[in-house]
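**Q** Have a look at this one before I ask anything.
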Amino acid sequence: MARVRTTYGRFVQAAGWDPLEDILARTEQARIGQRHAGPRLPDAPPGRALVAGLGRLGSWVGLFLAHLGIPLVLLDRDVVERHNLEAGNCVFRSSDVGSPKVVAMKNLLAQQAPGVSVEVYQGDITLMPEDQLRALGELVRVILALVDEGQALFNINDLFCQRLAVIYAAGHRGARTGDVGISRPGGACFRCLLNIDSPAQVQTLSGEATHGIDIVSIAQVCVRVALVLLGDQRLGNLREVLDPAVNFIYIQNRRSETNPGGFAPRFLRIARRRNCPVCGAV
Ligand SMILES: [Zn+2]
């Protein structure tokens, strides 16, 4: 039986599925400590990042990146709804209800991070012509793929995995755990990171109750990774991410029997699948 994999919230739906056990079965503990420059990224305006999806993770990621002065391109299809406003789960305000998320975010960032370049596009990745999506990618050096729809994630992966670093993040059940995957040109793509072949294998639990602090802890790992990939060292160089062998960070937000110490990231390596139609033929 195929296991249910989830994304952003790709929240784990299948009862009894232990994401860590499953992920560890497919990974090696990455050797950490060696520093690498990583693959050369294509030239682009310095430091610009595309945040695709302004939901629970993407809205915080956009806010934190803007506070750090990172020029942004924001892409989202939705409007702010009242259920988006649960405490700590996103950055939107009650006055934003009914506005496109990209507009609400641009207004918020104009107040909170004035002077930072923010371009916004409202659109559905699954309906956008490929040329349009490619053109957005040409504006940036890093993509944060924080949408919650499998087809959109596949479209981003299939178009960009050989061109740009792409960060994928998710909360699992209740966001008590989460993960941040990194696809780099020449490395494992999103399909390989999750060991999936079809967008239908990505399932969303959009109504999953979460605590803001758990969402924010996953978002801040995304931001730290993005800064490293942009060559920005202000938050430290997160040398595990500089090592291209590391492409998956499993985040434990809470204490558990196996994790008595509470919040902890684990740095892992997931290999390309040789038969992957997207990255395996390289
Ligand atoms: Zn692949």
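**Q** Does Val225 meet the test of being of a type in the set (A, V, I, L, M, F, W, C), more than 16 Å from the ligand (Cβ to nearest atom) and buried (at least 23 other Cβ atoms within 10 Å of the Cβ)? Write out each step before concluding.
**A** Working: of a type in the set (A, V, I, L, M, F, W, C): yes; more than 16 Å from the ligand (Cβ to nearest atom): yes; buried (at least 23 other Cβ atoms within 10 Å of the Cβ): yes.
It is true that Val225 is of a type in the set (A, V, I, L, M, F, W, C), more than 16 Å from the ligand (Cβ to nearest atom) and buried (at least 23 other Cβ atoms within 10 Å of the Cβ).
**Q** Of the numbered conditions (1) on the phi > 0 side of the Ramachandran plot; (2) surrounded by 15 or more Cβ atoms within 10 Å (Cβ to Cβ), Gly98 satisfies every one except a single condition; which is it?
**A** Result: Gly98 fails condition (2) only.
**Q** Kindly indicate the residue of the stretch 168-210 that is part of a loop (DSSP other than H, G, I, E, B) and at positive phi and also surrounded by the most Cβ atoms within 10 Å (Cβ to Cβ) among those meeting that condition.
**A** Of all residues in the stretch 168-210, those part of a loop (DSSP other than H, G, I, E, B) come to 172, 176, 184-189, 195-198, 204-210.
Filter again for at positive phi, leaving 186, 195.
Values: Gly186: 13, Asn195: 17.
By that ranking, first place goes to Asn195.
**Q** Does Gly212 satisfy the criteria of being of a type in the set (Gly, Ala, Ser), more than 16 Å from the ligand (Cβ to nearest atom), touching a residue at least 24 places away in the same chain (Cβ under 8 Å) and farther than 17 Å from Ala52 by Cα?
**A** Numbers: of a type in the set (Gly, Ala, Ser): yes; more than 16 Å from the ligand (Cβ to nearest atom): yes; touching a residue at least 24 places away in the same chain (Cβ under 8 Å): yes; farther than 17 Å from Ala52 by Cα: yes.
Against the criterion (of a type in the set (Gly, Ala, Ser), more than 16 Å from the ligand (Cβ to nearest atom), touching a residue at least 24 places away in the same chain (Cβ under 8 Å) and farther than 17 Å from Ala52 by Cα), Gly212 qualifies.
**Q** Now for a separate question. Within the stretch 237-282, take every residue that is within 16 Å of the ligand (Cβ to nearest atom), among the basic types (Lys, Arg) and not in a strand (DSSP E or B) and give me the one that is surrounded by the most Cβ atoms within 10 Å (Cβ to Cβ).
**A** Arg272
**Q** Which ones in the stretch 101-132 are assigned to a helix (DSSP H, G or I) and either surrounded by fewer than 20 Cβ atoms within 10 Å (Cβ to Cβ) or of a type in the set (Asp, Glu) (or both)?
**A** In the first step, residues of the stretch 101-132 are kept if they are assigned to a helix (DSSP H, G or I); the result is 101-112, 130-132.
Within the stretch 101-132, Val103, Lys106, Asn107, Leu108, Ala110, Gln111, Gln112, Glu130, Asp131, Gln132 meet the criteria.
**Q** Just a yes or no: is a residue in the stretch 120-133 in contact with a Leu (Cβ under 6 Å, 6 or more places away or on another chain), more than 20 Å from Ser183 (Cβ to Cβ) and modelled with pLDDT of 95 or more?
**A** Yes; the residues of the stretch 120-133 include at least one that is in contact with a Leu (Cβ under 6 Å, 6 or more places away or on another chain), more than 20 Å from Ser183 (Cβ to Cβ) and modelled with pLDDT of 95 or more.
**Q** Are any residues in the stretch 158-208 under 16 Å from the mean Cα position of the chain (by Cα), acidic (Asp, Glu) and within 16 Å of the ligand (Cβ to nearest atom), and if so, which ones?
**A** If the condition is that a residue be under 16 Å from the mean Cα position of the chain (by Cα), acidic (Asp, Glu) and within 16 Å of the ligand (Cβ to nearest atom), then Asp158 is the only one that fits.
The values are calculated or read from the model by the stated rules, or taken from the named source; none is laboratory data. These figures come from a predicted structure and were not determined experimentally. Cβ sites come from the backbone with ideal geometry, for glycine too, and all protein chains shown count toward neighbours.
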